[in-house]
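Asks: Before anything else, here's the structure in question.
The values are calculated or read from the model by the stated rules, or taken from the named source; none is laboratory data. Everything numeric in this text was worked out from a predicted model, so none of it was measured. In this analysis, Cβ positions are derived from the backbone assuming ideal geometry, glycine residues included, and neighbour counts consider all displayed protein chains.
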Amino acid sequence: MTAPTGLLDQRIPLRTEDLSDAPAGERLIVNLGPSHPSTHGVLQILLELDGETVVKADPVIGYLHRGDEKIAENMQYNQFVPYTDRLDYLAPLANNVAYACAVEKLMGWTVPPRCQAIRVICCELARISSHLLGVGAFAMDCGAISVFLYIFTEREKIYSLIEELTGARFTTTYTRVGGVARDLPAGWVDRAMAFVDQFGARVDELDKLLCRNRIFVDRTKGIGVIPPDDALDYGLSGPNLRASGVELDLRKKTPYLGYEQYDFDMVLGSTGDCYDRFVARIEEMRQSRRILQQALSRIPDGPVCVDDIRSYDPAKATVLTKMEELIQHFMIVTEGITAPPGEVYFGAENPKGELGFYILSKGGGVPYRLKIRAPSFMSLSVLPKLLPGHLIADVVAILGSLDFVMGECDR
Amino acid sequence: MVTALTIFLVSTLIKILLVVAVLLGLVAYAVLAERKVSAAMQDRIGPNRVGLPFLKARLMGLGQPLADAFKLMLKEQFVPGNVRGFYYNLAPILSFLPALLAICVIPFAGVDPIHLPGLSVAIPQPGVIANVGIGALFLFAVTSLGVYGIVLAGWSSNSKYAFLGGIRSSAQMISYEVAMGFSAMPIFLISGALSLPQIVDFQVERGWFLLPFVGKQFDWHLLFLWPSLLLSSVIFLVTLFAETNRAPFDLPESEQELVGGFNTEYGGMRFGMFFLGEYAALISASGLFVTLFLGGWSLPFGWLATAGSLGTFLLQALVFLGKVCLLVFFFMWIRWTLPRFRYDQVMTLGWKVLLPLSMANIVLVAILLAVFGGTP
C-alpha cells in the first residue's frame, strides 16, 4: 500500500504570493476553493499549474470541521442521530440508518422486519436523491447546466416523500436506536410507488441527455482514471470503487437490513474514469429503483421498533401508574439507552460509499469513543495522486465525478 | 434648399441613433429572453415579477431589464486592490465597442435610395449605416478587436482566474478567427463582392446561400454549390459561437472552472458593460450570419425586394430583425443544451477540424466555379 503523497509534503506558502512579482516561466499556484463554484462545499485545493496543466495538487480540508466525533462522546445514543443528518447532508436518511444499525449492533438488537423494510426504502430513496445530485452537479461542472435543474425536479419529489415521512425535508433524524421515529403515514407507500414508477423514464432521460453526448463523453472518458489497485489502496468505496471494477458492495458482501432478500445487480465499471463513475451512478439509480419496487410492494406488517424495554420511553399512562415503567422513564430521560461495554464497527453501503461507525462503549448512556469512517474523506485522499497531469477543466470534472460531501469529510 | 450632403449627414445620424437604440433594446431584452429560454428549457418559470414602471401589471417580467440596468448602475463601482487602473477601466469599454462598430456595416434593409415626399433629394443607402465596399473585411477586422477587452480585463485585474480566462480567450478567438474568415470565403467567391449589401442583393436575385431555391430566379449553380455552402455555414456558425464566447465555447468565463473567468474581479456597471458587450456581440454575430447565409433583410422569391418607399424599408428592417431574433434564440438553445468543451478540445477542433475543412471548401468552391461558372 502506498501512502498518499502531497498531503504530507511541505505545504507551499502561497497565499501571499503576488502574480505581478512572479518571474516569467514560474509555475502558477491557484487556490481552488474553499469558496469556488465547483468544489462542492468548502474544499480547498492548492493547484500548482504549468499553463493549464496541474503539476501538483494539495487538498486542504477541515473548513467544515465540527468535531462530531468528540460531540458524540457527550451525547446519548439517540441524541447523536441529528448529527448524522449533517454528515452526508445529501443523504441524511441513509446516515441515520447506518448510525442506528451500528448502535443496534452494539446493543445486540435485531430490528423487526417492518422496520428493516422501511429502512431499506429510506436508504434507497436517499441513494437516488444523492446520486441525482451527484450526477447533476457533475454535469453542471462540465457545463451542462440544464441537467442540474432536471434532477432537482426529481429530488423535489423525493423530498416531498421524505417530508411526509419524517416531518423534515433535509435534516430527517428519522431513525432511533432500535427502530424508526414513526411508522409510515397512511397512503405513503402508494405515493412512493407512484414516484418510483415514473422515475424510470426520468433516469432514461438523463442517460439520453449525457451518456452519448459527444462533448460530455470526450470530456470524461479517460479522465481521472483510478486503477483498481489504487482504488483499494486509497480506501475508496461505493460507486467510485465499483467504477474501477472492484466488486465490493456491502449490501451484497455483508448484507444488512435484509438486503439479501432483494434482487438487484452490483454496478461495475471497467476503467475507473470519470465517465465510468458517472454511468455507475446512473445505473445504481436504476438498481435502487428495482430495490424500491420490491421493498414497497412487500412491506411486512408488525412493529417498527424492537420490543426491548431499554429502547423506548414507556407510555405516559403506565409511567404514572407502574413502578417499573417509572424507573425506565427516568433512566431513558437521564441516561438514555444504556449500552453494554464493547466495541463494534458497522459499515453501511451509503450513496457516497462505506459510511462506517466504530463505537467503543464502556457501558452507560454515551459512547467512550465514536469514530466515523467517512467515504468522502477517502475519495478526496486520492486527489494528490489523481490530479497531476490533468487540465484545470479536468480537475473540475474529476471533483464532480468523485461526488464527495465536505460535511462528511470534515465531520 | 437641402443638399445631398446634409441629407446624407442627417440621415446617417438618425440611422446611427436608431440602430444603437434598437441594438441596446435588443441587448436588454436578449438578457431577459435568455433567462426565459433557459427557464423554459429547465422546467422553470423564469423572471416574471418585475413589471414596467407606473403599470400595475407584471407583464411576464418585461420590466426586468430596466431593473437590472438600474441595479448595475446604482451599485458601488468597487475596484479591487492592485489592479492596473487604466486598463482595468478600459477593458469593459473595449469589449462593448466592437459589437457596436460591427453593426454599422451590416445592412438591415435595402440600400436603394428612398424618395420621400417633400424632399428633393433621395435618402442614400437607407438600409445600412456605412456602405463600405469592403464591409466584410471591416467586419472581420472589428470583431477580432473584441478579444482585447477580454485579454486586458484578464491581465489587469490581478487575479489568477481572470488571468487564465484572458489567456484562454485570446487563444480561442485567434484560433477561430482564421477558420471564420476562411469559411466565409466561398461566399465572396460566389457573389464576387466584399460589400455586405451587394452580397444580400446577390442572394435576393439568385437565392439565399443556405436556401438556394428562394431567389427571384432559380440558379442551378447555387444548387451545385449548396453542399459546400452548407459546410461553410456550419463552420461559420461554430466559429461564431467561439467568437462570441457562447456555450459550448464559453471557456474564458467558464463559471465552474474559473469562477467568472476574465470578469471575476469586475462588478457594477463595469461588469454590466462586459455583459452588454457579450449580448451585443451575439446580436451582431447573428446579424452577420443572417446577412451572409440567410439573405439578410430579404424575404423569399423577391417579396418586398422592390425598394423606394418608406413602408417596404421598414418591413425589410423588421424581417431582418425577425431573422436575427431567430438566430439569437438558436444560440440560447444551444447554450442550455450542451456541456462545455475543454480548452485543448477547443483548440483541436479549431485548428485540426474546422480550419482544414474550411480551406478545402474554398478550393472546392473555386474549382466548381471555374468549371461550371456562376459568378456574376
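Asks: Could you check, for region B:78-87, whether at least one of its residues is without any contact (Cβ under 8 Å) to a residue 60 or more places away in the chain, surrounded by fewer than 17 Cβ atoms within 10 Å (Cβ to Cβ), in a loop (DSSP other than H, G, I, E, B) and not charged (D, E, K, R)?
Replies: Taking every residue of region B:78-87 in turn, at least one turns out to be without any contact (Cβ under 8 Å) to a residue 60 or more places away in the chain, surrounded by fewer than 17 Cβ atoms within 10 Å (Cβ to Cβ), in a loop (DSSP other than H, G, I, E, B) and not charged (D, E, K, R).
Asks: Condition check: in contact (Cβ under 8 Å) with a residue 24 or more places away in the chain and in a loop (DSSP other than H, G, I, E, B). Does residue B:154 satisfy that?
Replies: Working: in contact (Cβ under 8 Å) with a residue 24 or more places away in the chain: yes; in a loop (DSSP other than H, G, I, E, B): no.
No.
Asks: Moving on. Please find, among A:336, A:353, A:363, the residue that is at positive phi and free of Cβ contacts under 8 Å to residues at least 60 places away in the same chain. Lay out the reasoning, then the answer.
Replies: Values: A:336 fails: free of Cβ contacts under 8 Å to residues at least 60 places away in the same chain; A:353 fails: free of Cβ contacts under 8 Å to residues at least 60 places away in the same chain.
So the residue among A:336, A:353, A:363 that is at positive phi and free of Cβ contacts under 8 Å to residues at least 60 places away in the same chain is A:363.
Every residue, every condition in (1) closer than 23 Å to residue A:149 by Cβ; (2) within 28 Å of the chain's Cα centre (by Cα), yes or no:
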| site | (1), (2) |
| --- | --- |
| B:53 | no, no |
| B:65 | yes, yes |
| B:71 | no, yes |
| B:81 | no, no |
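Asks: Now for a different question. Which one of these is away from chain B (no Cβ under 14 Å), of a type in the set (Lys, Arg), over 20 Å from the mean Cα position of the chain (by Cα) and in a helix (DSSP H, G or I): A:114, A:119?
Replies: Sole residue among the options that is away from chain B (no Cβ under 14 Å), of a type in the set (Lys, Arg), over 20 Å from the mean Cα position of the chain (by Cα) and in a helix (DSSP H, G or I): A:114.
Asks: Moving to a separate point now. Can you pull out the residues in region A:70-95 that are crowded, with 19+ Cβ neighbours inside 10 Å and assigned to a helix (DSSP H, G or I)?
Replies: The answer is A:72, A:78, A:80, A:81, A:83, A:84, A:85, A:92, A:93, A:94, A:95.
Asks: Could I ask something else about it? Return a yes/no flag: does region A:157-175 have any residue that is in contact with a Phe, Trp or Tyr (Cβ under 9 Å, 6 or more places away or on another chain), within 14 Å of chain B (Cβ to nearest Cβ) and over 30 Å from residue A:272 (Cα atoms).
Replies: Within region A:157-175, one or more residues are in contact with a Phe, Trp or Tyr (Cβ under 9 Å, 6 or more places away or on another chain), within 14 Å of chain B (Cβ to nearest Cβ) and over 30 Å from residue A:272 (Cα atoms).
Asks: A further question on this structure: Report, ordered by the first and then the second residue, all pairs with beta carbons closer than 8 Å, sequence separation of six or more or different chains, a first member in region A:193-219 that is closer than 18 Å to residue A:124 by Cβ and within 12 Å of another protein chain (Cβ to nearest Cβ), and a second member that is of a type outside the set (Ser, Thr, Tyr) and in a helix (DSSP H, G or I).
Replies: A:202/A:154
Asks: Next up: On the given criteria, is residue A:257 under 24 Å from residue A:126 (Cβ atoms), buried (at least 21 other Cβ atoms within 10 Å of the Cβ) and more than 14 Å from chain B (Cβ to nearest Cβ)?
Replies: Taking the combined requirement at face value, the residue satisfies it.
Asks: Moving to a separate point now. Would you check if there is a residue in region B:168-180 being touching a strand residue (DSSP E or B) at 6+ places or on another chain (Cβ under 9 Å), within 10 Å of another protein chain (Cβ to nearest Cβ) and surrounded by 23 or more Cβ atoms within 10 Å (Cβ to Cβ)?
Replies: Going residue by residue through region B:168-180, those that are touching a strand residue (DSSP E or B) at 6+ places or on another chain (Cβ under 9 Å) are none.
Looking for residues that are touching a strand residue (DSSP E or B) at 6+ places or on another chain (Cβ under 9 Å), within 10 Å of another protein chain (Cβ to nearest Cβ) and surrounded by 23 or more Cβ atoms within 10 Å (Cβ to Cβ), one finds none in region B:168-180, hence no.
Asks: Additional query: What's the number of the condition residue B:106 fails, among (1) among the hydrophobic types (A, V, I, L, M, F, W, C); (2) modelled with pLDDT under 85; (3) outside any helix (DSSP H, G or I)?
Replies: For residue B:106, the failing item is (2).
Asks: Now for a different question. Are there any pairs, at least 6 apart or on different chains, whose C-beta atoms fall under 7 Å, with the first in region B:232-253 and within 12 Å of another protein chain (Cβ to nearest Cβ) and free of Cβ contacts under 8 Å to residues at least 60 places away in the same chain and the second assigned to a loop (DSSP other than H, G, I, E, B) and buried (at least 24 other Cβ atoms within 10 Å of the Cβ), and if so, which?
Replies: none
Asks: All but one of (1) surrounded by 15 or more Cβ atoms within 10 Å (Cβ to Cβ); (2) in contact (Cβ under 8 Å) with a residue 24 or more places away in the chain; (3) in contact with a helix residue (DSSP H, G or I) (Cβ under 8 Å, 6 or more places away or on another chain) hold for residue B:137; state the number of the condition that does not hold.
Replies: That leaves (3) as the condition not met.
Asks: Let me ask something additional. For residue B:77, all conditions in the list (1) more than 14 Å from every other protein chain (Cβ to nearest Cβ); (2) within 23 Å of residue B:281 (Cα to Cα) hold save one; what is the number of the exception?
Replies: Among (1) more than 14 Å from every other protein chain (Cβ to nearest Cβ); (2) within 23 Å of residue B:281 (Cα to Cα), the lone unmet condition for residue B:77 is (2).
Asks: Right, residue B:313: closer than 30 Å to residue B:111 by Cβ and touching a Pro at 6+ places or on another chain (Cβ under 9 Å) or not?
Replies: Considered against the rule, which asks whether it is closer than 30 Å to residue B:111 by Cβ and touching a Pro at 6+ places or on another chain (Cβ under 9 Å), residue B:313 comes out as yes.
Asks: Say whether the condition of being under 24 Å from residue A:187 (Cα atoms) and assigned to a loop (DSSP other than H, G, I, E, B) is met by at least one residue in region A:258-281.
Replies: The answer is yes; a qualifying residue exists.
Asks: Please state which of the following conditions residue A:52 fails to meet, knowing it meets all the rest: (1) within 13 Å of chain B (Cβ to nearest Cβ); (2) touching a residue at least 40 places away in the same chain (Cβ under 8 Å); (3) touching a Gly at 6+ places or on another chain (Cβ under 9 Å).
Replies: Result: residue A:52 fails condition (3) only.
Asks: Among the candidates B:241, B:209, B:202, single out the residue that is buried (at least 20 other Cβ atoms within 10 Å of the Cβ), among the aromatic types (Phe, Trp, Tyr) and closer than 25 Å to residue A:215 by Cα.
Replies: Working: B:209 fails: closer than 25 Å to residue A:215 by Cα; B:202 fails: closer than 25 Å to residue A:215 by Cα.
Answer to the selection: B:241.
Asks: Among helices (runs of 4 or more DSSP H) lying entirely in region B:194-293, which contain 3 or more residues that are charged (D, E, K, R)?
Replies: Numbers: elements: B:196-206, B:220-243, B:255-258, B:268-293.
Because the criterion is at least 3 residues that are charged (D, E, K, R), the helices (runs of 4 or more DSSP H) in region B:194-293 that meet it are B:196-206.
Asks: Follow-up. Against the definition (surrounded by fewer than 21 Cβ atoms within 10 Å (Cβ to Cβ), farther than 16 Å from residue A:105 by Cα and not basic (Lys, Arg)), how does residue A:388 come out, yes or no? Steps first, please.
Replies: Working: surrounded by fewer than 21 Cβ atoms within 10 Å (Cβ to Cβ): yes; farther than 16 Å from residue A:105 by Cα: yes; not basic (Lys, Arg): yes.
For residue A:388, the condition - surrounded by fewer than 21 Cβ atoms within 10 Å (Cβ to Cβ), farther than 16 Å from residue A:105 by Cα and not basic (Lys, Arg) - is met.
Asks: Working only within region A:96-116, note down all residues that are crowded, with 22+ Cβ neighbours inside 10 Å and either touching a His at 6+ places or on another chain (Cβ under 7 Å) or of a type in the set (Phe, Trp, Tyr) (or both).
Replies: Scanning region A:96-116 gives a single hit, A:99.
Asks: While we're on this one: Considering only residues that are surrounded by fewer than 17 Cβ atoms within 10 Å (Cβ to Cβ) and either within 14 Å of another protein chain (Cβ to nearest Cβ) or in a helix (DSSP H, G or I) (or both), which ones fall in region B:1-11?
Replies: B:4, B:5, B:6, B:8, B:9, B:10
Asks: Mind checking whether some residue in region B:151-173 is at pLDDT 80 or above, hydroxyl-bearing (Ser, Thr, Tyr) and under 15 Å from the mean Cα position of the chain (by Cα)?
Replies: no
Asks: List every residue pair whose Cβ atoms lie under 7 Å apart, where the two residues are 6 or more positions apart in sequence or sit on different chains, the first residue falls within region A:167-189 and is under 17 Å from residue A:95 (Cα atoms), and the second residue, located anywhere, is acidic (Asp, Glu) and surrounded by fewer than 17 Cβ atoms within 10 Å (Cβ to Cβ).
Replies: A:169/A:163; A:178/A:308
Asks: With surrounded by fewer than 22 Cβ atoms within 10 Å (Cβ to Cβ) and either under 18 Å from the mean Cα position of the chain (by Cα) or of a type outside the set (A, V, I, L, M) (or both) as the only criterion, which of A:272, A:224, A:200, A:238 stands out?
Replies: Details: A:272 fails: surrounded by fewer than 22 Cβ atoms within 10 Å (Cβ to Cβ); A:224 fails: surrounded by fewer than 22 Cβ atoms within 10 Å (Cβ to Cβ); A:238 fails: surrounded by fewer than 22 Cβ atoms within 10 Å (Cβ to Cβ).
After applying the criteria, what remains is A:200.
Asks: Before we move on, is residue B:254 modelled with pLDDT of 85 or more and either farther than 28 Å from residue B:319 by Cα or touching a Leu at 6+ places or on another chain (Cβ under 6 Å) (or both)?
Replies: no
Asks: Given the condition within 14 Å of chain A (Cβ to nearest Cβ), on the phi > 0 side of the Ramachandran plot and not hydrophobic (A, V, I, L, M, F, W, C), answer yes or no: does some residue in region B:33-44 qualify?
Replies: Yes: one or more hits.
Asks: Let me ask you something else. Do you know which residues across region B:331-357 are surrounded by fewer than 18 Cβ atoms within 10 Å (Cβ to Cβ), touching a residue at least 40 places away in the same chain (Cβ under 8 Å) and in a helix (DSSP H, G or I)?
Replies: B:333, B:334, B:347, B:351, B:357 - these are the residues of region B:331-357 that are surrounded by fewer than 18 Cβ atoms within 10 Å (Cβ to Cβ), touching a residue at least 40 places away in the same chain (Cβ under 8 Å) and in a helix (DSSP H, G or I).
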